[in-house]
């Protein structure tokens, strides 16, 4: 996505750098925007929350672009970005959980739990695999795709459907990654034995 929208993000990132904003400030502003969207969800303003998240989505790409243009990409910045992304998702799921609890929609609550667990496991599986030296950039519902599901579901006020899709396919993606790393580990073990 960053490559596709490079021509859009770079001028904005240059402008933000020129006015003195730091990449980590932009990262944190994305988290604040997600918290505001979660509040709107919890209050039942589902469509408005979806529109706000749609507006906040480009922020995720801007911080990294800003750091690169400054010549300051850092491991710590990437770490902060990754952790903030997880918090942003969990804050949204928290807003959805509160919304479903108010309605006493226990199915919705269960789906939120499964969606949050699957989303975190997708990210954790990749981080752990890469920490051990394996490639793990596969799967049908990574973070970008999860937003492609959640944003329209919120805008069209069908949160249960969006959360249900994420609950199913995020967990499928986590399992895909486990199996993919298992295959690589098995191949590595065979090479070592030869």
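The values are calculated or read from the model by the stated rules, or taken from the named source; none is laboratory data. These numbers come from a predicted model, not from an experiment. All Cβ positions, even for glycine, are placed from backbone atoms using ideal geometry, and neighbour counts span all protein chains on display.
Taken across the stretch 19-27, residues that are assigned to a helix (DSSP H, G or I), surrounded by fewer than 14 Cβ atoms within 10 Å (Cβ to Cβ), over 21 Å from the mean Cα position of the chain (by Cα) and modelled with pLDDT of 90 or more do not occur at all. Scanning the stretch 179-189 finds no residues that are without any contact (Cβ under 8 Å) to a residue 60 or more places away in the chain, exposed (fewer than 15 other Cβ atoms within 10 Å of the Cβ) and within 20 Å of the chain's Cα centre (by Cα). Residues considered: 90, 54, 69. Of these, the only one that is part of a helix (DSSP H, G or I) and either farther than 30 Å from residue 160 by Cβ or more than 14 Å from the chain's Cα centre (by Cα) (or both) is 69. Kindly establish whether residue 91 is in contact with a helix residue (DSSP H, G or I) (Cβ under 7 Å, 6 or more places away or on another chain) and crowded, with 21+ Cβ neighbours inside 10 Å. Here the answer is no, as residue 91 does not meet what is asked.
Considering only the stretch 171-180, I want to know if a residue exists there that is more than 26 Å from residue 50 (Cβ to Cβ), modelled with pLDDT under 95 and assigned to a helix (DSSP H, G or I). No, that holds for no residue. Evaluate the following for residue 166: is it in a helix (DSSP H, G or I), closer than 16 Å to residue 111 by Cα and at pLDDT 95 or above? Yes; evaluated as a whole, the condition is true for this residue.
Residue 164 fulfils the conditions (1) surrounded by 16 or more Cβ atoms within 10 Å (Cβ to Cβ); (2) more than 25 Å from residue 56 (Cα to Cα) except for a single criterion, (2). For the stretch 65-80, does any single residue satisfy the condition of being free of Cβ contacts under 8 Å to residues at least 40 places away in the same chain and either touching a strand residue (DSSP E or B) at 6+ places or on another chain (Cβ under 6 Å) or surrounded by 16 or more Cβ atoms within 10 Å (Cβ to Cβ) (or both)? Taking every residue of the stretch 65-80 in turn, none turns out to be free of Cβ contacts under 8 Å to residues at least 40 places away in the same chain and either touching a strand residue (DSSP E or B) at 6+ places or on another chain (Cβ under 6 Å) or surrounded by 16 or more Cβ atoms within 10 Å (Cβ to Cβ) (or both). Does the stretch 126-146 contain any residue that is buried (at least 17 other Cβ atoms within 10 Å of the Cβ), over 17 Å from the mean Cα position of the chain (by Cα) and closer than 27 Å to residue 48 by Cα? No, there is no match, as no residue in the stretch 126-146 is buried (at least 17 other Cβ atoms within 10 Å of the Cβ), over 17 Å from the mean Cα position of the chain (by Cα) and closer than 27 Å to residue 48 by Cα. Checking the stated criteria, residue 122 turns out to be touching a residue at least 40 places away in the same chain (Cβ under 8 Å), part of a helix (DSSP H, G or I) and crowded, with 20+ Cβ neighbours inside 10 Å. Scanning the stretch 181-194 for residues that are assigned to a helix (DSSP H, G or I) and either out of contact with any helix residue (DSSP H, G or I) (no Cβ under 6 Å at 6 or more places or on another chain) or at positive phi (or both) yields 182, 183, 184, 185, 186, 187, 188, 189, 190, 191, 192, 193.
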